[in-house]
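In what follows, a single structure is set out as C-alpha cells and then discussed.
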Amino acid sequence: QKTAYEIGVRLVGSEMCIRDRLNFYQSWCGPCIQEMPSLSNAYQKLKEDDFVFIAVSDEQFSLIDKVKSRTDNQMIFLQSKQSFDQIGVRAYPTSYLINKKGEVVFEKVGPEQWDSPEMETHFRELVQ
C-alpha cells in the first residue's frame, strides 16, 4: 500500500495528519479545471469531518493563482517543489485520498464527479 511519502507529499511541504484528498492538476488540463467545482462542493460536504482538499501543481505560482482565482472554494493550493515526472505523476488529474495513518486508501487517474452522494459515502467508508 502506498504511503503519503511515496506519492511526494513531503515534496510539496505538507505533512498528512488528517484525512486529506490530494489532486494533482495542470492549468492547461481541461478535465482538471472542469472537475474543480465538484471538488469544491465535495470539500464543503466533508470539511466538518476533518477532510482537507489540496490541489497541487508543479507550474509557476502565477498559473496556480489563476486557477485558484477561478474557484470559489477554500481548498489549499500548493506548488510542488519537484516536477510531477520526478514524483511519478504522469496523467492529469491524479487524485489520492490519504487516511490519518498516512496511507493512500484511494487513487483515481482522470476526472471524477467528486460531490456525488456515492463518492461522499465512499470517502467516509475508506477512512474509517
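Output the number of residues of the range 79-128 satisfying the condition of being in a strand (DSSP E or B), open to solvent by 40 Å² or more (accessible area, probe 1.4 Å), closer than 13 Å to Asn23 by Cβ and in contact with a helix residue (DSSP H, G or I) (Cβ under 9 Å, 6 or more places away or on another chain). Walk me through it before giving the result.
At the first step, the residues of the range 79-128 found to be in a strand (DSSP E or B) are 79, 94-98, 103-109.
From the residues that got through so far, the ones that are open to solvent by 40 Å² or more (accessible area, probe 1.4 Å) too are 79, 103, 107-109.
Next, from what is left, pick out any that are closer than 13 Å to Asn23 by Cβ: 107-109.
From what's left, in contact with a helix residue (DSSP H, G or I) (Cβ under 9 Å, 6 or more places away or on another chain): 107.
So the count comes out to 1.
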*Name the one entry in Phe77, Phe51 that is under 28 Å from Val127 (Cα atoms), in contact with a strand residue (DSSP E or B) (Cβ under 6 Å, 6 or more places away or on another chain) and either touching a residue at least 60 places away in the same chain (Cβ under 8 Å) or of a type in the set (S, T, N, Q) (or both).*
Phe51
*Tally the residues that are free of Cβ contacts under 8 Å to residues at least 60 places away in the same chain and touching an Asp or Glu at 6+ places or on another chain (Cβ under 8 Å), restricting the search to the range 80-92.*
1
*Would you tally the residues in the range 29-78 being surrounded by fewer than 12 Cβ atoms within 10 Å (Cβ to Cβ) and small (Gly, Ala, Ser)?*
3
_Name the single residue that is modelled with the lowest pLDDT among those in the range 15-26 being surrounded by 17 or more Cβ atoms within 10 Å (Cβ to Cβ) and assigned to a loop (DSSP other than H, G, I, E, B)._
Met16
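Run down Ser95, Ser69 and say which single residue is touching a residue at least 12 places away in the same chain (Cβ under 8 Å) and among the small types (Gly, Ala, Ser).
Testing whether each residue is touching a residue at least 12 places away in the same chain (Cβ under 8 Å) and among the small types (Gly, Ala, Ser) leaves just Ser95.
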*Taking Val56 as meeting all but one of (1) outside any helix (DSSP H, G or I); (2) in contact (Cβ under 8 Å) with a residue 60 or more places away in the chain, write down the number of the exception.*
(2)
*asked:* I'd like to verify a number: residues in the range 72-128 that are within 23 Å of Gly30 (Cα to Cα) and of a type in the set (A, V, I, L, M), how many?
replied: 9
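The values are calculated or read from the model by the stated rules, or taken from the named source; none is laboratory data. Everything quoted here is computed from the prediction, not taken from an experiment. When we count neighbours, we look across all protein chains shown, and the Cβ atoms used for this are built from the backbone with ideal geometry, even at glycine. We work out accessible area using only protein heavy atoms, side chains counted, and drop any ligands, DNA or RNA first. Shrake-Rupley method; radii C 1.70, N 1.55, O 1.52, S 1.80 Å.
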